[in-house]
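Below: one structure, written as structure tokens.
We did not get these values from a lab; they are worked out from the coordinates using the rules stated. This one's a predicted model, so the numbers in the text were calculated from it and none came from an experiment. Using ideal geometry, Cβ is built from the backbone for each residue, glycine included, and neighbour counts are taken over all protein chains shown.
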Amino acid sequence: MKTLIKNAVVVTVDPAIGDVHGGDILIEDGFICEIAESITAGDAEIIDATGCIAIPGFVDTHRHLWEGALRSVSADWAGLEFVSNMLILSSACFRPRDMYATAYQGGLDCLNAGVTTVADYCHNVITPEHASEAVRGLRESGVRAAWSYSFNPSLSEKSAFANTAARISFLEDFARTHFQDRDDLVSLAVCPQEIGGWQKDRQNAVKTFEVARRLGAPLLVHANAYTRPGGEYLGEVELLDELGLLGPDLTVVHMGFTKDDEWRRLGEVGAHVSFTPETELQMGMNPPPITAAMDAGVNISVGADITANNSGDLFTQLRLALQVERAKLAEKHAGAIYAGTGISCAQALEWGTIGGARALGMQDRIGSITPGKEADIVLIRADGIAMTGWDRSNPAATVVQQAGIHVVDTVLVKGKVVKRDGRLIADERSACELLEETSRYIHEEAAAKGGFNVSNEELMARLNRHILEQAAQA
């Protein structure tokens, strides 16, 4: 099957090709064959992209899709409320059907926003059925995904996994039955338990890294998001290095409190970072230290993280990350007028595309509009009232600073159109109905267990109980 995208401004994010004005993109059997002006392919389906900017599909390297069941509930929460109410109280309420609903709706939410690939950091696997339903939801949504199995223990009384050994055994079996097809859009990634949770039993953590690497799965882990009481840095990257766990297959997430030497260690091994600026700014994790990562040669990617806080689009994440870093430069000038912003919009667009592909080990398949890669492509409508007058000399700036979900016109995943003329091809209504039922159920169950509106003392008590129970499940 052939598809020909006609007459777009093509932002390839491939330095060997650059931007192509009035460009055509020929796609055959899901792969990009050619990019040029005025391609002829008489038997191809034509997509008229006049007035559109074509970009690679966004790659989100950090999102918890299951948390989308409680959209906006944590919009006014900081870290303590979030951990206590979401990760401890609400998570235990989820049924397998709720994991399906959130993965299915969450995948469609990604596609609607031009996010063609998402790393679903799934740290709410209570039973094997919860895992199966989450993966089924992703597959049926049509999004490309790295389903990222988390070793975080579940606090549900229905948990099927007594300890780390049981979770390792499950993962090995699950990988054999669900992730054997290399051409599948949904692949496996692994998220070791939160580093603070295995400080006293480091060998269990080593085993989770080892099983991921045996399975050929990329690794993603939260790191250095907070400090110890008194402000001392956690040094979690140092610990990973001491245990020999750093590598080019590892993406560390957040990293707001990280020493320069830790950044150096990451850069030396070719590791990656995922910043989620909207969540990080809200929850006291520090603004993303982008320049520190860049100076150390660490590949940067971004994620939306928590759609219970914020929207699921990467336009917002890229803008926030870029402008926060520019604000740091302004601070250095202490109010004096100056020239230059330090980091360009084109660099920011790379974080959301090829940077994400590199972090997930998919850079040879996606992340740029390059012949030979799979056709994950987004067409942004740039000739309407919201975008007209844009600077043709810098289309990347227009995408990063001016665009949003409202102008995502057409989306293709491996050459298949999943959004056309501003509307998803999938049945949005059924996805919304499923998620609404799940949302009502989780709210009711959480309320029956004490609810969200409790004192800070009770929030802290929940957290302390959680720490003890996690230690018991090592």
* **Order of CYS122, CYS110 under a 10 Å beta carbon neighbour criterion, fewest first** => CYS122, CYS110
* Structure fact -> Cross-link reach from LYS158 to lysines, straight Cα distance under 20 Å and at least 8 residues apart if same chain, gives LYS449
* **Inter-part distance where segment 1-17 and segment 20-64 are each reduced to a Cα centre, Å** => 4 Å
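Name the longest site-free stretch of the chain, where the excluded sites are GluC sites (Glu not before Pro) in a DSSP loop with no more than 13 other beta-carbon atoms within 10 Å. Show your work: numbers first, answer last.
Numbers: sites that count: GLU157, GLU232.
After excluding every exposed loop site, the longest remaining stretch is 233-474.
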* Structure fact -> The rounded separation in angstrom of the Cα centers of segment 336-359 and segment 160-212 is 33 Å
* How much of the DSSP beta bridge set in the chain is antiparallel, as a percent to the nearest 5? -> 45 percent
* Cα centroids of segment 98-120 and segment 229-277: how far apart, whole angstrom? -> 28 Å
* Asked: Hey, what's the per residue convex hull volume over the C-alpha atoms of segment 58-360, in cubic angstrom?
  -> 129 Å³
* Asked: Among all the aspartates and glutamates, which ones have a C-alpha under 13 Å from LYS414's C-alpha, if same-chain residues fewer than 8 places away are not counted?
  -> GLU28, ASP29, ASP183, ASP184, GLU374, ASP376
* Asked: In deg cm²/dmol, rounded to 500, what helix-only [θ] at 222 nm does the chain give when every DSSP H run of at least 4 residues adds -39500 (n - 2.57) and the total is split over its residues?
  -> -11000 deg cm²/dmol
* Structure fact -> Taking HIS443, HIS333, HIS21 and counting other beta carbon atoms within 10 angstrom, the fewest-first order is HIS333, HIS21, HIS443
* Structure fact -> When ILE385, ILE366, ILE47 are arranged by how many other beta-carbons sit within 10 Å of their Cβ, fewest first, they go ILE385, ILE47, ILE366
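As an exercise, use a Förster radius of 45 Å and the Cβ-Cβ distance of ALA334 and SER169 to find the FRET efficiency, rounded to the nearest 0.05. Numbers along the way, then the final one.
Numbers: r = 58 Å, r/R0 = 1.29.
After rounding to 0.05, the efficiency reads 0.20.
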* **Pairwise label distance in nanometres, ASP29 with ALA162, each label 7 Å out on the Cα-Cβ vector** => 5.0 nm
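If you filter segment 187-237 for trypsin sites (Lys or Arg not before Pro), then keep DSSP loop positions with at most 11 other Cβ within 10 Å, what is left?
Details: sites: LYS200, ARG202, LYS207, ARG213, ARG214; in loops: LYS200.
Sites meeting the loop and neighbour criteria: LYS200.
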